[in-house]
Every structure is written in structure tokens, then in C-alpha cells.
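Note sheet for the following structure.
The values are calculated or read from the model by the stated rules, or taken from the named source; none is laboratory data. Since the model is a prediction, treat every value here as computed from it, not as a measurement. All Cβ positions, glycine included, derive from the backbone under ideal geometry; neighbour counts span all protein chains shown. When the accessible area is computed, the model is the full protein with side chains, heavy atoms only, and any ligands, DNA or RNA have been set aside. Shrake-Rupley method; radii C 1.70, N 1.55, O 1.52, S 1.80 Å.
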Amino acid sequence: MKGGNSHRLKGRHLSLSLVALFLTTILLWAWEKRPFITSMQLAQNQFVMPSSDFVEDAQKESLLNLKKHVEDVNSDSITTEEAKESLENSSTVAMTNTFPSERKDDDGVLTISSKSKGCNYAKGRWVADSRRPLYSGFGCKQWLSEMWACRLTQRTDFSYEGYRWQPNECRMPDFDRVQFLRKMQGKTIAFIGDSLGRQQFQSMMCMATGGEESPETEDVGREFGLVKHHGAIRPDGWAYRFPSTNTTILYYWSASLADLEPSTIEDRASDVAMHLDRPPAFMRQFLNRFDVLVLNTGHHWNRGKINANHWVMYVNGQPVVDRKLLQIGNAKYFTVHSVVKWLDSQLPLHPRLKAFFRTISPRHFLNGDWNTGGSCDNTKLLTKGSEILQDESSDTVVEDAVKGTRVKILDITALSELRDEGHISRYSVKASQGVNDCLHWCLPGVPDTWNELLIAQI
């Protein structure tokens with residue numbers, strides 16, 4: 001009996017060995033026929049893992065191992081181009097749902113980006129930075145309006161200057177004016193909007209010069225028709241060029257972004273036709289010369305401003321009679337959407353142009369408005385918090401307008417809302433009249449961050 005059992009066991013072992021040998025032969029034959037495809041399938045299985053457990057180091061290691069394995073494979077059944085394409089496809093699988101990955105730009109500056117979903121620059125936090133401000137509030141007199149240079153006022157607390165914005169999903173490179181001008185060589189950056197757009201323009205000029213006197217900078221306003229007309233308080237805008245890099249930075253005043261022209265109605269000669277369905281003539285005329293365009297509007301969309309400016313709303317060349325459209329909020333919505341739609345239609349004709357619509361800058365008046373005793377006396381930092389976690393913009397008008405277009409959003413509303421201590425406040429030029437400026441910002445200050453966000457996205 002024992003001998004019979006022994007023979008049966010040996011027979012089973014022999015059978016199993018034959019089966020294993022047969023299967024091994026089949027696998028070896030399949031490998032000779034399609035070695036790379038088999039290896040790719042095995043390699044791709046390595047990337048099946050929960051996205052919540054996915055870490056960048058593991059991703060890099062897996063991709064390096066996959067690349068090395070492909071290079072080691074020597075097969076006549078697949079071409080080099082096919083191998084490259086398969087590797088890229090597998091890399092795409094590995095990149096799905098990843099965290100942002102590090103890379104270096106052309107100048108060797110380390111940045112972080114995410115190819116899968118991009119970076120929401122408006123989602124992040126304010127952090128203290130001893131390297132701030134980016135320029136001197138005393139030294140930038142050549143570009144900075146005295147009314148916005150808080151270092152030249154009676155204000156004594158300047159702690160608001162020592163903060164920078166840190167997005168959660170990517171790291172912005174440190175601003176370097178020499179590198180910036182080199183990257184913008186031969187390019188024109190245009191700001192078109194209200195006085196907050198003018199602040200961003202002056203901030204950019206101060207950043208680009210380091211807040212120092214720059215006598216070699218050329219005034220090229222005449223090239224764009226930006227000259228002071230007879231009887232005007234100031235020109236419609238300014239334009240300056242840096243000869244060393246041929247970089248031009250300009251600003252054009254267009255508070256509503258609607259096209260303005262004298263009224264054609266004889267008995268209303270003092271009125272100004274405000275064409276809600278037409279972008280400013282300046283933008284239409286010079287768009288082909290811009291490489292970067294930043295639009296903004298918002299604070300002139302109130303009945304007081306419209307009446308004071310004698311603006312009369314027009315659509316299709318005729319005064320608006322539709323009561324719904326005459327409502328300020330609806331008129332603003334209509335105009336913003338019209339401008340974005342027109343600009344989006346033009347971008348294919350100007351492939352080098354990058355267009356941004358900056359969201360509205362928040363006001364911080366308390367206990368009244370600018371003309372009714374409103375104030376913003378807070379000097380304590382970040383009393384409303386330091387972090388923004390929302391994904392959507394607080395400016396839904398601009399967010400809705402740019403959605404699905406080639407025009408990008410420059411979202412600064414929520415992050416600026418946290419900085420109520422950075423306004424000019426009671427140190428404004430009209431302080432003697434009891435007027436607080438809780439709309440405009442001290443410079444250096446918050447608008448510098450707007451420009452850093454812009455530069456990071458150019």
C-alpha cells in the first residue's frame with residue numbers, strides 16, 4: 001500500500017512538472033513575440049493605486065523604473081517611435097490625479113505646476129516675508145502718485161508691507177525685475193480699467209525699476225495717443241518703454257470698459273454715449289500691439305458715478321430703453337460679457353496675446369461710504385484670517401464671463417478682502433475733508449501681489 005501511494009505521488013509531481021514546463025514554454029514563446037507589450041501591461045499595473053495614497057516620490061520612481069525597463073528591452077517587433085509613444089501614454093496614466101510636480105523654467109527657476117488640473121492662484125494664504133516690500137515707497141516717486149505713497153503720509157505703521165501671497169497648489173517664483181524684463185523683452189503689457197487698474201500699472205512700474213529713478217526709461221505715450229489734452233486734468237493714460245529690453249508698460253483709463261463717445265443727440269450735447277456692446281476704441285485700435293492685456297472694471301458701476309460722468313447707456317447705437325438693462329447690475333453684467341466675448345473672438349487673430357480679466361478689488365468702508373463718514377481705521381494684520389480655501393471666485397460676474405473663453409481670470413478679490421489694513425484710510429489727500437480712502441491701496445502693498453500673480457501666469 002505504501003509503495004502504491006508513493007508511485008501515485010511521484011506521478012502527480014511528474015504531471016505538475018510537465019504542466020509547469022508547458023506553461024513556461026507558452027509564456028516564453030509569447031514573450032518572444034510581444035515582449036514590450038507584456039512588459040508595458042505589467043508596468044501599468046504598478047500605477048493602479050488610490051489617488052489619496054499617491055505621492056510624488058513614488059510617481060517619479062515608478063516612471064524612472066518604467067523608462068529603464070523600456071530601454072533594456074531589445075525587440076525587433078516594435079519601433080523606437082512606438083516605444084516612445086507607449087512610454088508617454090503610460091506616463092499620462094501615472095500623472096492622472098497627481099499632486100503638482102516640480103520643474104525648472106528656461107531661467108532655471110524652480111516652479112511647481114500640475115498638468116492635470118492647473119493651479120488656482122487665488123487659493124492660498126498670506127505669509128510673513130522679511131524680504132518685502134519689493135521696492136521703496138520713498139524712492140518710487142517717478143512712477144508712484146503721491147496720494148498712494150503711504151510712506152510719504154502721516155502713517156506710522158507699515159507692517160502691511162511685509163507679507164506675500166502663497167498659493168496652496170503651486171509655488172510662485174520670487175520676483176526678479178531683471179529676469180522679468182528679460183522675459184518681457186520686446187513685449188507690451190497693457191492695463192485697461194479704472195483707478196485700481198492705474199494702481200496696478202504704477203505698482204508694475206515700481207516693481208520693474210526696483211523703485212529707483214530710471215531716467216533712461218522712455219515716455220512713449222504719443223505712440224498710443226496717450227497725451228494730455230487741453231483742459232484735461234491728466235492724460236487718458238501713460239506708456240513707458242525700457243530701452244534695454246524694449247519692454248513697454250502702459251495704462252489706459254476706461255472705468256466701465258464700455259466705449260465712450262460724445263452724444264449724437266442735439267439737445268443732450270453734454271451727455272456721453274456709453275456703448276455697452278462695444279469695447280473701448282483704444283483697445284480695438286491697439287490690440288495688435290499688446291502681448292499681455294489686463295482688464296478691470298467695477299467701482300464706477302453705480303448711479304452716482306454714471307450721473308456725474310453724464311453717461312447715457314447705448315446698445316446697437318441707440319439709447320437703452322429696456323428698464324431691465326438700465327439697472328446698474330444688469331448693465332455691468334452685459335458690458336463685461338460683451339467685452340470678453342469680443343476679446344475672445346479676436347485672440348485667434350493675435351496668437352501671441354495673453355488676455356486677463358482682473359476681478360474686482362474689495363472696498364472696506366465701515367459705518368458709511370466714502371462721502372458719508374465711512375472709515376477703515378484697522379491697522380492690525382489679517383483680522384479676517386490669512387487663508388482662502390474656496391475654489392470659486394468671489395467676483396461671479398467676471399468668473400461667468402470668462403468661463404469657456406480664452407480670456408483668463410486674474411482672481412484677486414477674496415485674497416485682497418483679507419487685507420483691510422492695507423488701504424490709504426484716513427491718510428488720504430482728502431483727509432482734511434473727513435474723507436477716508438478705503439478703496440485704493442497703499443503702495444508698496446496689495447497691488448504688488450496682483451502683479452506677482454499676473455507674472456506667474458504669463
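Values as computed for the structure displayed
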quantity	calculated
Nearest-20 debye value, the stretch 124-456 charge dipole, Cβ charges on Lys, Arg, Asp, Glu	280
3J(HN,Hα) from dihedral phi, the stretch 329-335, Karplus parametrisation 6.51/-1.76/1.60, rounded to Hz, x for glycine, proline	x, 5, 5, 4, 4, 4, 5
Above-threshold pairs, the threshold being 22 Å between Cα atoms, out of Lys384/Lys408; Lys183/Lys354; Lys341/Lys403; Lys187/Lys228; Lys141/Lys384	Lys384/Lys408; Lys187/Lys228; Lys141/Lys384
Cα gyration tensor shape of the stretch 217-340, rounded if a/c is under 1.5, else prolate or oblate by comparing a/b with b/c	prolate
Semi-axes of the equivalent ellipsoid for the stretch 276-373, Cα gyration tensor, largest first, Å	28, 19, 11
Rounded percent of accessible protein surface that carbon and sulfur make up, the stretch 124-456, 1.4 Å probe	48
Cα gyration tensor of the stretch 124-456 - equivalent ellipsoid semi-axes, whole Å, descending	30, 24, 21
Whole-angstrom gap from the stretch 328-391 to the stretch 206-270, using each part's C-alpha centre	21
